[in-house]
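First the structure, in the form of structure tokens, and then the observations on it.
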Amino acid sequence: MSKVFVFDHPLIQHKLTYIRSVETGTKEFRELVDEVATLMAFEITRDMPLVETEVETPVTVTKSKVLAGKKMGIVPILRAGIGMVDGILKLIPAAKVGHIGLYRDPQTLQPVEYYVKLPADVEERDFIVVDPMLATGGSAIEAINSLKKRGATSIKFMCLIAAPEGVELLQQAHPDVDVYIAALDEKLNDHGYIVPGLGDAGDRLFGTK
Ligand code: URA
């Protein structure tokens, strides 16, 4: 079974409170999501492999560590996932960015893929799939299906807020994909919104209704 990490860092929790607030306007919301994505990227990259190298300081030659150079890929689920990309790229600027777009079929209510564009070397990359909200889990599961279908073998999922229902379904569907969350909320309401949540992440990021 995959692991679930809830990031309880004070800075993340503080910023998340303002992200949740109905008083927070589009500009500030966007900035805060960007900042939290950077902080989460710092935590999610803890296990990045290092290799030893030799470096000459002004005083002596010593052994020191650098990143092993594992290729990374960030995949936002359209459209709200886009709001987290720049924040992650601040710490992992060499990462390639793929995109996955899904819509909900009005009959079956299942997510259907309408857009997929990924880096060419999918098999060689460690992917972070991002979406601010993990609600029913349907989109996350389908996006990860889509990545795996194209050869990805190393995937993490990162979101700001998750509902317990979504986490459970995601873990069942993809037991190899660890889940990184800033807050695990109470439940989903009858309209599929996370409670207490933050409302519609896409609308709040882009100023739409
Ligand atoms: N998507 C959102 O943007 N908000 C929710 O609460 C659930 C899904």
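The values are calculated or read from the model by the stated rules, or taken from the named source; none is laboratory data. Remember, predicted model here, so these are calculated numbers, not experimental data. Methodologically, a virtual Cβ is constructed for each residue, glycine included, from the backbone with ideal geometry; neighbour enumeration extends over all protein chains shown. To get the accessible areas, we keep the full protein, side chains included, count just its heavy atoms, and leave off ligands, DNA and RNA. Shrake-Rupley method; radii C 1.70, N 1.55, O 1.52, S 1.80 Å.
Pairing each residue of the stretch 96-113 that is closer than 15 Å to Gly192 by Cα with any residue that is among the aromatic types (Phe, Trp, Tyr) and in a strand (DSSP E or B), provided the two are 6+ apart or on different chains, yields C-beta distances under 8 Å for Tyr103/Tyr114; Pro111/Tyr103.
Pairs meeting the criteria (first residue in the stretch 185-207 and under 25 Å from Asp8 (Cβ atoms) and among the acidic types (Asp, Glu), second residue at pLDDT 95 or above and near the ligand (Cβ under 7 Å from one of its atoms), beta carbons under 7 Å, at least 6 apart or on different chains) are Asp185/Ile194; Asp185/Gly197. When Lys15 is tested against the conditions (1) farther than 22 Å from Val177 by Cα; (2) without any contact (Cβ under 8 Å) to a residue 40 or more places away in the chain; (3) open to solvent by 100 Å² or more (accessible area, probe 1.4 Å), the lone failure is (3). Within the stretch 70-111, the residues that satisfy the criterion of being over 25 Å from Gly138 (Cβ atoms), surrounded by 10 or more Cβ atoms within 10 Å (Cβ to Cβ) and of a type outside the set (Lys, Arg) are Met72, Asp86, Leu89, Leu91, Ile92, Ala95.
Could you tell me whether any residue of the stretch 123-143 is touching a Ser or Thr at 6+ places or on another chain (Cβ under 8 Å) and either among the basic types (Lys, Arg) or within 16 Å of the ligand (Cβ to nearest atom) (or both)?
yes
Restricting the stretch 152-209 to residues that are polar (S, T, N, Q) and either under 17 Å from the mean Cα position of the chain (by Cα) or open to solvent by less than 40 Å² (accessible area, probe 1.4 Å) (or both), the residue that is farthest from the ligand (Cβ to nearest atom) is Thr153. Within the stretch 1-29, which residues are of a type in the set (A, V, I, L, M, F, W, C) and modelled with pLDDT under 95? Passing the criteria: only Met1. Checked against the criterion of being polar (S, T, N, Q) and within 14 Å of the chain's Cα centre (by Cα), the candidates Ser139, Ser146 yield just one match: Ser139.
From (1) modelled with pLDDT of 95 or more; (2) within 30 Å of Thr153 (Cβ to Cβ); (3) of a type in the set (A, V, I, L, M), pick out the condition that doesn't hold for Leu32. Result: Leu32 passes all but (2). Pairs linking a residue in the stretch 121-144 that is in contact (Cβ under 8 Å) with a residue 40 or more places away in the chain to a residue that is acidic (Asp, Glu) and surrounded by fewer than 24 Cβ atoms within 10 Å (Cβ to Cβ), with Cβ atoms under 7 Å and 6 or more positions apart or on different chains, are Thr136/Glu165; Glu142/Glu113. Look at Arg46 and say whether it is open to solvent by 30 Å² or more (accessible area, probe 1.4 Å) and within 29 Å of Tyr115 (Cα to Cα). Taking the combined requirement at face value, the residue does not satisfy it.
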